[in-house]
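Mind having a look at this structure? Questions to follow.
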Amino acid sequence: MLRTLKYQREADPEWARQVSERPGCEGLFSCLQCGACSGSCPLSIYMDLTPRRVIALVREGFRRDALSSMTIWLCASCYSCAANCPRQIHVTDLMYSLKREAIRSRLYPPRLPAPILAQEFYAMVRKHGRNSEFWLVLRMALRSNPLLLLTMLRNGWDLVRTGRLSLRRERIHGTSELVALSGAGPRPGRAEA
Amino acid sequence: MKPYGYFPGCSLRGTGAGYEYSLLALFRVLDLPVEEIQDWNCCGATSYMSIDEESAFVLSARNLALAQKAGCKDLLAPCSACYLVLRKTQDYVARYPKIGSHVQESLRAAGLPPLNGVRVRHPLEVLYSDVGLERIRSRVVRPWRGGRVACYYGCQLVRPYDEVDRAHNPTRMDELLAAIGAPTVDYPLKTLCCGGALTGTMHPIGVRMNYILLKEAVRKGAQAVVTVCPLCQYNLDAHQAEIRRKTGTTIDMPVFFFTQLLGWALGADPESLGLKRAISGRKSIAQWFAKESAEADAYV
Amino acid sequence: MSERDGLRIGVYVCHCGTNIAGTVDVRAVAESAAALPGVAVSRDYKYMCSDPGQDLIRQDIQKFGLNRIVVAACSPHLHEHTFRTATRTGGLNEFYFQMVNIREQDSWVHEHKGAATRKAIDLVRAAARRVARHRALEKSRTPIHPAVLVVGGGIAGIHAALTLANAGKHVYLVEREPSIGGHMAKFDKTFPTLDCAACILTPKMSAVKNHPNITLWTYSEVTAVEGYIGNYKATIARRPRYIDEDLCAGCLECIDACVFRQAKVPDEFNEDLSRRKPIYVPFPQAVPLVPVIDPEACIEFHSHKCKKTCVTACGERHAVNLRAEEKLERIDIGSIVLATGFRAYDARRSANYGYGVYPNVYTALEVERLINASGPTAGEVVLRDGRTPQTVGIVHCVGSRDENTNRWCSRVCCMYSLKLAHLVKERTGAEVFNFYIDMRTPGKGFEEFYQKLLSERVHFVRGRVAEVTDWALDSSEEGRLVIRVEDTLAGLFRRIPVDMVILSTGLEPQPDAGDVRRLFNISSSPEGFFLERHPKLAPVNTFTEGVLLAGCCQGPKDIPDTVAQAGAAAAEALALIDAGSVETDPNTAYVMEEACSGCKTCVPLCPYHAISFAQAARKAEINQALCKGCGTCVAACPSSSIGQNLFEDDEIFEESEGLLAYA
């Protein structure tokens, strides 16, 4: 729960400025707080902070509150907010940016499946070049909450029954190319960490 | 005619297999050559973006570069998430010099050509623009006799890039299906998010979103939902039993890929449409497709 | 003139408080100028435009025998006139003066004090070199034709025309539609006083009709304008309305007699909410009250087989003339008031609000007509299916404050939304919700009106509506429109089912504003509204002398502001007329006859048709009254035999050399 008293010393305006320089976040300071993002967001009803409030916190520099909000993990990247924003703020890009920073700073509840899924996905694709759905879900469940697997039994059986579950580990031939690709050049976005 | 480069994406090799079968069958019937990009990799979608944006763009760019290397002008990306990431990569490479130089340098380090203008296309838009309603209509051999359908476009296909169709109230799938005689319902949630990966990460919320979509389709009189994205199809198709259990409703409706209905109408071999892979609404499927084909039961 | 010939320049560097002195070392600029050849005195002073500043110039002319003046200060747009006058009253020809802009073009746009100072020194040196070459010139006077053309017959045009006509000047009022009245004629009530729009507008409309000093041409458009301040010539195309205005008595029997028993054509005046006949008057109080035939809809114009009952009904008057043709009127005027108004934003462009998809989504203008007693429902607020709405949602800022459509605030929407909320609640007893981003009520009596609405228990939800949809979650929403919005003040996500949605659409430039701008040779701001000469100090003038602005063609505004601006435009025109003539700068080109070869290259190039060819002398001739000093002919002349006052070759060369002669 967001504390309702805020001392100005808790704010980090420099961080807000940095966020506003990330790709897609340029419009941060032009936000009208009109709520078109939250209103059109199909998930805002489940969020602890609506996307509009996350923007308000970010631009005032309340980093920890913004990054530890559940909102960013509920964002399904459907781009409704971006399409409806009268200031053309790419709210979805902002959410991505906050997710990345929250993962790097470990500011998410332990065993929360969404960031674990992201990390497993990243590791798998980085190594093999492709994602194997079955193995991905398995690894996510094992790392977050193995009981999840029980709830997935029915679904899994449906998929097996209809030939939609592949146990194959997908990988590309050019994995050496992947290494070359990831090794090159400076990494501009590192400032986020 | 130059073949369309084809980027299946991970889902079409697993949960979305029916999409791949029907898409290829439909393009065969329409004599549109398709050539899969050799050794394509993950598009760098949502989850990857959540860890490392720059390398997501590089990863995605490798596919674009491979398509260019193969001499493709158009790259088909049937999955909405793949479509968006590939398209966004092109856009951000052009718009942000920092991302652009990082991506181009990385490609060079891997011995790949620098990005230039391969067009990322979604099959919906290809069928609408390159083939056209007229030609589809004239090629119909099995006019649709099944139920009323709700056309569901999902999110990432029309947002933030509105090149496949309009962001608000898109209609191209409705028009294509009307061309094969399918009655479509007025579906106000056609671009509301299906929940995406939330059915995995926050299961109850994800399934709740699936339920909202299906409930409204039923309210509007639809007997099936038609999708353009493997994740939408999976979410809406796979969770109906759970929804019935949790809400006490009786929803059991087929969730098609639009390529399955079009392929059927244009005379593709029913075996090749992946209809067997449906989880929900199998009775309706058996009934609708049996009207034209006695062996329908065999493949449902 | 050179130092040897007795050149004595006075240089004055202005501090402009800290505007210039904050960035430019004015003392250093003055000291550097003092060392220039021919400079007799060089000073810096806090405010050169003040009386003591001007006196300094006058006194120095006497004391030091100055014969050239350079002032380095702000833009010549602001104070060139001031310093020329000081030069003249000091006893010199006012064109022995040169102004240097070290504020807008130096101190305001640079941060580095050293570099800004060096730039100022260079600019002053260039001006000192230039001014030595200046010649004595005389201003000329142009007479002002006392008639005025007012374009647009909305409340702005009406008010400007009446003000001018009441002052005894002749006015040509040109309106494109069949009647004057504009948007205001469509409203029922006006905010915040809720007085009846027709009651206050129609007396002014009839006054226009009956005024001996006003020539009213409706259904007409200006097609050509030429000339210059005081002496414009305009061509007006009068479209045929097929009813002779002079013969028609306004009995309207022709309309009753029309073979179309049922009205079938969408009625533009009622925002297409009702139908009219092919022969119609737009509304009962139309001025002139003369019907018009719509040739698109009238069968006579398609088949030539109509029984022409309208002609029969008119009988002996013979006012109906189906063979009428477009007529061109050519008029001389001295000044022009543009009052061409606005267009309402097309709500279809905001697809998430469902206009054109859901029948119960209305635009504000449509609801204005529904509320209006002479509207399609005689003032009853009912839905298209005849039901009275129980709940109404008013969505603010549709096509305003939005990067995807129009960036600007349309200024009137908050207030007219409040007005509609009040009227709808009064007429229907409905529960009314306003959805706003910011409530803007800064006019006289506006905040009080907002308070009144709050106490009437109209709901105010702060949040930009995300979507209007027919998606229903339960029976309370079934069959209704649902407004999805974040209530940003309560911190809630809300779904509010309503029966009627009113979209408060913003104001846009007219679709043909670009053509009008070119026709009258004026400028527009980026969004397409006509550009005033100065946003604060010349709000009704344009950069074209003698062309004035009134009303929403210059930017969104409400009726009080529109009327005030129309009055101001009329006053500007009157000031011109009463002065009788205007002084014009001698900034014109002239032919050096001895050098002219008579090649005629210049003649077709002149955009103002100021150059003619004198057959007898076989030389080009430039009409000084028509020449605007654009310099096209000067540059084009192959024998360099055209010169231009104030921009002589040697002046420009000296200035360039001075600029480039780094000390």
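The values are calculated or read from the model by the stated rules, or taken from the named source; none is laboratory data. Only a predicted model underlies this, so the values are computations on that prediction, with no experimental measurement involved. Don't worry about glycine lacking a Cβ; one is built from the backbone with ideal geometry, like all the others, and counts go over all protein chains shown. For accessibility, only protein heavy atoms count, side chains too; no ligands or nucleic acids. Shrake-Rupley method; radii C 1.70, N 1.55, O 1.52, S 1.80 Å.
Check each residue of segment C:479-523 and keep those whose accessible area, probe 1.4 Å, is at least 20 Å² smaller with all protein chains in place than in the chain alone; give them in order of residue number.
C:484, C:486, C:488, C:493
Continuing with this model, one more query. What share of all Cα pairs of segment B:1-72, in percent, falls into each consecutive 10 Å distance bin?
Reading upward from the zero bin: 20, 41, 32, 7, 0.
Taking all protein chains together and a probe of 1.4 Å, list C:397, C:599 from the most accessible to the least accessible. Spell out each step's value before the answer.
Numbers: C:397 15, C:599 70 Å².
Most to least solvent-accessible, the answer reads C:599, C:397.
Counting only heavy atoms of the protein chains, get the accessible area per residue of segment C:577-663 (1.4 Å probe) and round it to a whole Å² value.
56 Å²
Suppose we take every Cα in the protein assembly as shown and form the convex hull; what volume per residue is that in Å³?
On the way: hull volume 280.2 nm³, N = 1156.
That works out to 242 Å³ per residue.
For chain A, give me every cysteine whose Cβ has no other Cys Cβ within less than 4.7 Å, ordered by residue number.
Result for chain A is A:25, A:31, A:34, A:41, A:75, A:85, no neighbouring Cys Cβ within the cutoff.
Okay, moving on. Bin width 5 Å, origin at 0, all Cα-Cα pairs of segment C:345-508: what percent of pairs per bin?
2, 9, 19, 23, 23, 16, 7, 2, 0
Okay, moving on. Expressed as a whole percentage, what fraction of the accessible surface of chain C belongs to carbon and sulfur atoms when a 1.4 Å probe is rolled over the protein heavy atoms?
51 percent
Pairing the Cα long axis of helix C:446-455 with the longest principal axis of chain C, what angle in degrees results, from 0 to 90 and rounded to the nearest 10?
Computed tilt is about 30 degrees.
Students sometimes get this wrong: rank C:374, A:77 by accessible area, probe 1.4 Å, all chains present, largest first. Walk me through the numbers before you get to the answer.
Numbers: C:374 50, A:77 0 Å².
Of C:374, A:77, the descending order of accessible area is C:374, A:77.
In debye, nearest 20, what is the charge dipole magnitude of segment B:1-95 about its Cα centre with +1 on Lys and Arg Cβ and -1 on Asp and Glu Cβ, if you could check?
Magnitude of the dipole: close to 180 debye.
Which Rg and Dmax, in Å, describe the Cα atoms of chain A?
Values for chain A (Cα only, Rg and Dmax): 19.1, 59 Å.
Past 23 Å, Cα to Cα: identify those pairs from C:444/C:536; B:190/B:215; C:264/C:419; C:277/C:308; C:233/C:628; C:189/C:557, in the order given.
Values: C:444/C:536 20 Å; B:190/B:215 13 Å; C:264/C:419 32 Å; C:277/C:308 14 Å; C:233/C:628 16 Å; C:189/C:557 17 Å.
Too far apart for the 23 Å limit: C:264/C:419.
Let me ask something additional. What whole-number value in cubic angstrom gives the convex hull volume per residue for the C-alpha atoms of segment A:1-63?
In segment A:1-63, the Cα hull volume divided by residue count equals 95 Å³.
Leaving out ligands and nucleic acids, note down the accessible area per residue over segment B:176-223 with a 1.4 angstrom probe, in whole Å².
Each residue of segment B:176-223 exposes 27 Å² on average to a 1.4 Å probe.
Give the relative contact order (percent, whole number) for chain C; include only Cα pairs under 8 Å separated by 6+ residues.
Once divided by the residue count of chain C, the mean separation gives 13 percent.
Take C:557, C:139 and sort them by solvent-accessible surface of the protein heavy atoms, 1.4 Å probe, largest at the top.
In descending accessible area the options line up as C:139, C:557.
Of C:410, C:465, C:498, which is farthest along the charge dipole of segment C:345-508 in the positive direction, counting Lys and Arg as +1 and Asp and Glu as -1 at C-beta?
Selected residue: C:410.
Would you calculate the separation in nanometres between label points at residue B:290 and residue C:3, each defined as 7 Å from the Cα along the Cα-to-beta-carbon direction?
11.3 nm
Something else about it: Taking only C-alpha pairs under 8 Å that are 6+ residues apart, what is the relative contact order of segment C:500-583 in percent?
Numbers: 86 pairs, mean separation 16.9, N = 84.
Relative contact order of segment C:500-583: 20 percent.
Starting from the alpha-carbon convex hull of segment C:464-551, give the projected area averaged over all orientations, in nm².
Reported value for the Cα convex hull: 9.3 nm².
Calculate, for segment B:71-116, the solvent-accessible area per residue in square angstrom, rolling a 1.4 angstrom probe over the heavy atoms of the protein chains.
Result: 37 Å² of accessible area for each residue.
Averaged over every viewing direction, what's the projected area of the C-alpha convex hull for segment C:589-644? Give it in nm², one decimal, please.
3.2 nm²
Using label points projected 7 Å from each Cα along Cα→Cβ, tell me how many nm separate residue C:636 and residue C:494, to one decimal.
The two pseudo-label positions are separated by 6.5 nm.
Report relative contact order for segment C:589-644 in percent, whole number only (criteria: Cα-Cα under 8 Å, sequence separation at least 6).
Averaging sequence separation for qualifying contacts and normalising by length gives 47 percent for segment C:589-644.
If r is the Cβ-Cβ distance from residue C:77 to residue C:274 and R0 is 60 Å, what FRET efficiency results, to the nearest 0.05? Please list the in-between numbers first.
On the way: r = 51 Å, r/R0 = 0.86.
Rounded to the nearest 0.05, the efficiency is 0.70.
Can you compute log10 of I(q)/I(0) for segment A:113-183 with the Debye formula, treating each Cα as one identical point scatterer, at q = 0.24 Å⁻¹?
-1.06
I'd like the orientation of helix C:155-166 relative to chain C: the angle between its Cα long axis and the longest Cα principal axis, in ° from 0 to 90, rounded to 10.
60 degrees
Further question on the same structure: Give the A-B buried accessible area in Å², both sides summed, 1.4 Å probe, nearest 100.
5700 Å²
Work out the charge dipole of segment A:1-152 with +1 on the Cβ of Lys and Arg and -1 on the Cβ of Asp and Glu about the Cα centre, then indicate which of A:25, A:107, A:40 is farthest towards its positive end.
A:107
Please report the equivalent ellipsoid semi-axes of segment B:4-123, computed as sqrt(5 x eigenvalue) of the Cα gyration tensor, largest first, in whole Å.
After diagonalising the Cα gyration tensor, the semi-axes are 25, 16, 11 Å.
If each of residue C:237 and residue C:575 carries a label point 7 Å out from its Cα toward its Cβ, how far apart are those two points in nm?
Placing both labels 7 Å beyond Cα along the Cβ direction yields 3.6 nm.
Continuing with the same structure: Just name one of B:247, C:544, B:7: the one whose Cα is farthest towards the positive end of the charge dipole of the protein assembly as shown (beta-carbon charges, Lys/Arg +1, Asp/Glu -1).
B:247
A follow-up question, please. With +1 on the Cβ of every Lys and Arg and -1 on the Cβ of every Asp and Glu, and nothing else charged, how large is the dipole of the protein assembly as shown about its Cα centre, in debye rounded to the nearest 20?
3460 debye
Just how large is the dipole of chain C about the Cα centre, in debye to the nearest 20, putting +1 at every Lys and Arg Cβ and -1 at every Asp and Glu Cβ? Intermediate values should be presented prior to the final figure.
Working: 74 positive and 81 negative charges, 57 e Å.
Value, rounded to 20: 280 debye.
Now for a different question. Taking Rh as the Kirkwood radius computed over C-alpha pairs, what is the Stokes-Einstein D of segment C:1-133 at 4 °C in a medium of viscosity 1.567 mPa s, expressed in µm² per second?
Translational diffusion coefficient: 91 µm²/s.
With a 1.4 Å probe on protein heavy atoms only, work out how much accessible surface B and C bury together, total over both chains, in Å² to the nearest 100.
900 Å²
Taking N as the number of residues in segment B:177-300, what is its alpha-carbon radius of gyration divided by 2.2 N^0.38 Å?
Ratio of Cα Rg to 2.2 N^0.38 Å: 1.05.
Below 20 Å, Cα to Cα, which aspartates and glutamates can residue C:327 reach? Residues fewer than 8 away in the same chain don't count.
Straight-distance partners of residue C:327: C:175, C:177, C:221, C:226, C:244, C:245, C:246, C:294, C:296.
Principal axis lengths of chain C from Cα atoms, whole Å, largest first?
Cα spread of chain C along its principal axes, largest to smallest: 96, 70, 41 Å.
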